[in-house]
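Notes follow the structure.
No lab work stands behind these numbers, since they all come straight from the coordinates. Just so it is clear, the structure is predicted and the values come from calculations on it, not from any experiment. Cβ: placed from backbone, ideal geometry, glycine included. Neighbour counts: every protein chain shown.
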Amino acid sequence: MTASSTFNASSAKDYEQVMGRWSRRLAEKFLDFAGCLDGESVLDAGCGTGSLSEAIVARTATTTVHGIDLADAYVDYAQVRLPDPRATFSVGDVCSLPFEDGRFDRVLSLLVLHFVPRGTAAVAELRRVAKPGATVAATVWDARGGFVTSRMFCDTAAMLDPRAGEMRARSFTRPMTRPGELAAAWREAGFREVQDTMLAVRMDFETFEDFWRPYTGSDGPGAAYVATLDNAKRDALRKALRSAYLDGEEDGPRSYAAVAWAVKGIA
């Protein structure tokens, strides 16, 4: 965790379990909305393990993409994952991007801004590095109303532990996750032709263990909370969460909706 992010990030493997597999699904819906044309130079701001960059390269023949992220482990993973000369990655801060003004034809940010305490500064930086007339777009989870798996985890934990209520409050009140907040931030930053929408994907799990495993890792707010529990409290949470997952049926596959807000505007 750093001053410019509230997402604890240390293991690319753990991130892939908690979020990367869903980022890949959302990236496709996001690009359908935000667009991506051949020959462009695109910034993937807060690239994580490279899901969006991979989708951009797959969709185009000549577009170049530069991914930047605070987490060294994620950047290293993305470089190995996408060994394409059109994709480059580096460590950096979305609140202080290491690029000159007007560098990119398109600036995109996938599942980042709700973890940035200085969101206004981040949006200003996205606008600064975009060429005049470039599209700048972002998407974040609808943390309170549209993120079913997070709601299951946080509500179950809060039922068992008053401290988890604080974790739940932080998770469901992150910046730019309420209806209209992303669009308002884009208008305040001076973008024109601002459009916003909702994007939906499914989160599919094979078993409860597949659902629970990300919380035993090192990355993400849920795992950070579970790491603070002693064995008894951890076992109690696991048991209660398993009951919520099973929902009166045998263990096996489950599918949950996940909704994200998305916005785009012209610099």
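How big is D for the range 31-83, in µm² s⁻¹ as a whole number, if Stokes-Einstein is applied with the Kirkwood radius of its Cα pairs at 10 °C and 1.306 mPa s?
The diffusion coefficient I find is 143 µm²/s.
Given q = 0.08, 0.11, 0.13, 0.16 Å⁻¹, what are the Debye log10 I(q)/I(0) values for the chain, with equal point scatterers placed on the Cα positions and solvent ignored?
These q points yield log10 I(q)/I(0) values of -0.31, -0.59, -0.82, -1.20.
Which Rg and Dmax, in Å, describe the Cα atoms of the range 1-105?
Every Cα atom of the range 1-105 included, Rg and Dmax give 13.1, 37 Å.
Quick one: which residues, 5+ away or cross-chain, put their amide H under 5 Å from the amide H of Arg103? H built at 1.01 Å from N.
Ala130, Lys131
Below 8 Å, C-alpha to C-alpha, sequence gap of six or more: please give me the relative contact order for the range 12-266 in percent.
Here the relative contact order equals 21 percent.
Using the Cα centre of the range 12-266 as origin and beta-carbon charges of +1 (Lys, Arg) and -1 (Asp, Glu), tell me which of Ala232, Gly165, Leu111 is placed farthest towards the positive end of the dipole.
The listed residue farthest towards the positive side: Gly165.
Can you bin the range 15-59 into rounded, prolate or oblate? Criterion: square roots of the alpha carbon gyration tensor eigenvalues sorted a ≥ b ≥ c, rounded for a/c under 1.5, prolate for a/b above b/c, oblate for the rest.
prolate
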